[in-house]
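Take a look at the structure set out below.
Please treat every number below as a calculation from the coordinates, not as lab data. Model, not experiment: these values are computed from the prediction. Neighbour counts are summed over all protein chains in view; Cβ atoms, including those assigned to glycine, are modelled from backbone coordinates with ideal geometry.
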Amino acid sequence: MEKGRKTAIVTGASRGIGHATATLFLERGWRVITCSREDIPEERGGDKNWTAHIPVDLANADSVANFITLANQELDGEPLNALVNNAGMSPKAENQERLGCLNGDIDAWRDVFELNFFAPLKLGRGFASALHKGRGAIVNVTSVAGHMIHPFAGSAYSSSKAALSALTREMANEFAALDVRVNAVAPGEISTSMIQPEYEMLIPRIPMNRMGTPEDVARSIYYLCSEDSEYVTGTEVWVTGGQHMF
């Protein structure tokens, strides 16, 4: 790897917020290592700064361990400047109804927590040394659903995101000893493949009267990874158009 260039790892980068985030970092001259269960879009595959894309199932412990090994090999002892824990899942019932506390498979809750909560913890540990070298930043992608009852997001998803918010605070406290900052962004209704037509009913609850875009979230993530926020840690930034105020 070429020395002197900043490097970011972005999870869940094949689409949505993760893809927009990887694209923004690339546009601003960073090297990017990505992972997802899917391949990256073909139009981005030839970018010279896209250092590596590693297929991984972050809900699987062995797959996570393998990803950490491969990504550290790609870093080859060089510092890591940013880790963006974006990958997440929000399962729905077959009829698309909200899965609550009284319905749904408990094993599905474990799968959600493995990806949405434990993967960010494991990756933080796995890249701690490289992040320390880079005096880097971790950004966890939480959700407005982690702070209030959401009509469509299931209870497992909402609970896992609430737990990730708490984890962000704990990581910020402990990683500060490594000169690593840890923050979160909490998106509201963002136009991605997770959004279904029924989400349109939520727009009147958003003061800015529109859904957000993946790029809206990516810019906040980039800020939290940049030198402009070098004294910011333990913070959760709302990217909701004001929806969180109600």
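Key figures
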| read-out | value |
| --- | --- |
| Built amide H within the under 5 Å cut-off of V239, gap 5+ | A186, G188 |
| Long-range HN-HN contacts of H53 with modeled amide H, under 5 Å | T34 |
| Within the range 79-172, GluC sites (Glu not before Pro) in DSSP loop having at most 10 other beta-carbon neighbours inside 10 Å | E94 |
| Only Lys, Arg (+1) and Asp, Glu (-1) charged, at Cβ; the chain dipole about Cα centre in debye | 520 debye |
| Relative contact order of the chain, pairs being alpha-carbon contacts under 8 Å that are 6 or more residues apart, as % | 19 percent |
| FRET efficiency estimate (nearest 0.05) - Cβ-Cβ, A108 to N173, R0 30 angstrom | 0.45 |
| Scattering profile of the chain at q = 0.08, 0.11, 0.12, 0.13 Å⁻¹ [log10 I(q)/I(0), Debye over alpha-carbon scatterers] | -0.28, -0.54, -0.64, -0.76 |
| Dipole axis of the chain (+1 Lys, Arg; -1 Asp, Glu on Cβ), positive-most option in A119, S226, I9 | S226 |
| By average C-beta atoms within 10 angstrom, highest first, the peptides 101-110, 9-18 | 9-18, 101-110 |
| Theoretical gain in end-to-end length, N66 to R5 [0.36 nm per residue, Cα-Cα removed] | 19.5 nm |
| Cα-projected label distance for E227 with R28, points at 7 Å along beta-carbon direction, nm | 1.3 nm |
